[in-house]
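The values are calculated or read from the model by the stated rules, or taken from the named source; none is laboratory data. What you are looking at is a predicted structure, and each value in this text was computed from that prediction instead of being measured. Quick reminder, even Gly has a Cβ in these numbers, built from the backbone with ideal geometry, and neighbours come from all protein chains shown.
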Amino acid sequence: MSPELHASLTWKGNPQEWVILLLVKSRGDLQWGDAGDLFFVIHKSDLAKIDFSKYLSQWKVVSN
(Lines give C-alpha, C1' and ligand atoms only; values in the text may rest on other atoms or scores of the structure.)
Protein backbone atom coordinates (compact mmCIF):
# COMPACT_ATOMS: atom_id res chain seq x y z
CA MET A 1 0.00 0.00 0.00
CA SER A 2 1.37 3.39 -0.96
CA PRO A 3 1.94 6.00 1.76
CA GLU A 4 -0.54 8.31 0.01
CA LEU A 5 -3.25 5.61 0.00
CA HIS A 6 -2.53 4.79 3.64
CA ALA A 7 -2.93 8.47 4.58
CA SER A 8 -6.18 8.79 2.63
CA LEU A 9 -7.64 5.75 4.38
CA THR A 10 -6.48 6.96 7.80
CA TRP A 11 -7.34 10.66 7.56
CA LYS A 12 -9.89 10.49 4.69
CA GLY A 13 -9.71 12.06 1.23
CA ASN A 14 -8.26 10.87 -2.05
CA PRO A 15 -4.72 9.50 -2.35
CA GLN A 16 -4.00 12.19 -4.98
CA GLU A 17 -4.57 14.85 -2.29
CA TRP A 18 -1.61 13.57 -0.25
CA VAL A 19 2.09 14.09 -0.97
CA ILE A 20 5.27 12.59 0.43
CA LEU A 21 6.85 15.34 2.48
CA LEU A 22 9.97 13.41 3.48
CA LEU A 23 11.41 10.00 2.65
CA VAL A 24 14.24 8.58 4.75
CA LYS A 25 15.76 5.54 3.08
CA SER A 26 17.76 2.78 4.72
CA ARG A 27 21.30 2.88 3.40
CA GLY A 28 24.61 1.62 4.71
CA ASP A 29 24.82 2.02 8.49
CA LEU A 30 21.41 3.74 8.69
CA GLN A 31 18.81 0.96 8.75
CA TRP A 32 15.12 1.27 9.67
CA GLY A 33 14.11 -2.09 11.09
CA ASP A 34 14.71 -4.67 8.36
CA ALA A 35 16.05 -2.19 5.78
CA GLY A 36 12.82 -0.29 5.45
CA ASP A 37 12.02 3.26 4.36
CA LEU A 38 10.33 5.90 6.52
CA PHE A 39 7.73 8.10 4.80
CA PHE A 40 6.13 11.31 6.08
CA VAL A 41 2.97 12.21 4.16
CA ILE A 42 0.92 15.43 4.35
CA HIS A 43 -2.29 16.67 2.75
CA LYS A 44 -1.70 19.20 -0.04
CA SER A 45 -3.98 21.78 1.60
CA ASP A 46 -2.09 21.55 4.91
CA LEU A 47 1.21 21.91 3.08
CA ALA A 48 -0.10 25.01 1.28
CA LYS A 49 -1.03 26.51 4.68
CA ILE A 50 2.37 25.46 6.11
CA ASP A 51 0.45 23.51 8.76
CA PHE A 52 2.50 20.52 9.89
CA SER A 53 0.20 19.60 12.78
CA LYS A 54 -1.44 16.74 10.82
CA TYR A 55 0.82 14.33 8.97
CA LEU A 56 1.17 10.60 8.74
CA SER A 57 4.34 8.57 9.04
CA GLN A 58 4.67 5.10 7.58
CA TRP A 59 7.52 2.63 7.71
CA LYS A 60 7.73 0.19 4.82
CA VAL A 61 10.03 -2.81 4.47
CA VAL A 62 12.03 -2.80 1.25
CA SER A 63 11.89 -6.15 -0.51
CA ASN A 64 14.62 -7.10 -2.95
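Quick look at the values:
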item	result
Complete set of residues in region 1-26 that are under 16 Å from Phe52 (Cα atoms) and small (Gly, Ala, Ser)	Ala7
Conditions (1) of a type in the set (Asp, Glu); (2) surrounded by 14 or more Cβ atoms within 10 Å (Cβ to Cβ); (3) free of Cβ contacts under 8 Å to residues at least 24 places away in the same chain; number of the one not met by Glu17	(3)
Enumerated strands (runs of 3 or more DSSP E) restricted to the chain, each holding at least 3 residues that are at pLDDT below 85 and at negative phi	55-61
